[in-house]
């Protein structure tokens with residue numbers, strides 16, 4: 001039993017400290033600092049940080065498959081920005097402004 005306790009103590013001491021914050025590098029010009037989450041989940045194109053009463057997710061967006069019926073060629077970046085920044089919608093065609101507005105209402109929900 002003493003050997004088991006010694007082994008457990010040695011393992012616990014050798015584990016790294018779990019308290020941390022992190023930096024998620026999103027691009028060459030953008031990095032997001034975040035506090036330690038309770039859980040982290042990751043798939044091929046999505047990262048989810050789960051906290052007590054909220055969650056943060058990051059997903060790699062593919063403009064060609066985001067809306068398969070809509071051709072976003074040349075406006076993908078502007079469209080995605082306009083989902084979160086309504087003032088940027090004015091450069092888009094009216095029908096795409098409406099889609100950005102609708103997507104903005106859906107995207108805000110957690």
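Rule-based calculations on the coordinates, nothing more; no lab input. Just so it is clear, the structure is predicted and the values come from calculations on it, not from any experiment. Backbone-built Cβ (ideal geometry, glycine too); neighbour counts: all protein chains shown.
Per-residue packing, averaged as other Cβ atoms within 10 Å, sorts the ranges 57-65, 76-84 into the order 76-84, 57-65, beginning with the highest. Annotation: peptides 91-104, 41-54, ranked by per-residue average of other Cβ atoms within 10 Å with the highest first, follow the order 91-104, 41-54. Rg then Dmax, both in Å and based on the Cα atoms of the range 20-110: 15.0, 45. The shape of the range 61-110 comes out oblate: with a ≥ b ≥ c from the C-alpha gyration tensor, a/c is at least 1.5 while a/b does not beat b/c.
Once the Cα-Cα distance is subtracted from the 0.36 nm per residue extended length, the residue 54 to residue 36 segment shows a gain of 5.2 nm. Using a cutoff of 8 angstrom between alpha carbon atoms and counting only pairs six or more residues apart, the relative contact order for the range 61-110 works out to 26 percent. With a/c under 1.5 counting as rounded, go ahead and sort the range 19-59 into rounded, prolate or oblate using the C-alpha gyration tensor (a ≥ b ≥ c being the square roots of the eigenvalues; past the cut-off, prolate if a/b is larger than b/c, else oblate). Since a/c reaches 1.5 but b/c is at least a/b, the shape of the range 19-59 is classed as oblate.
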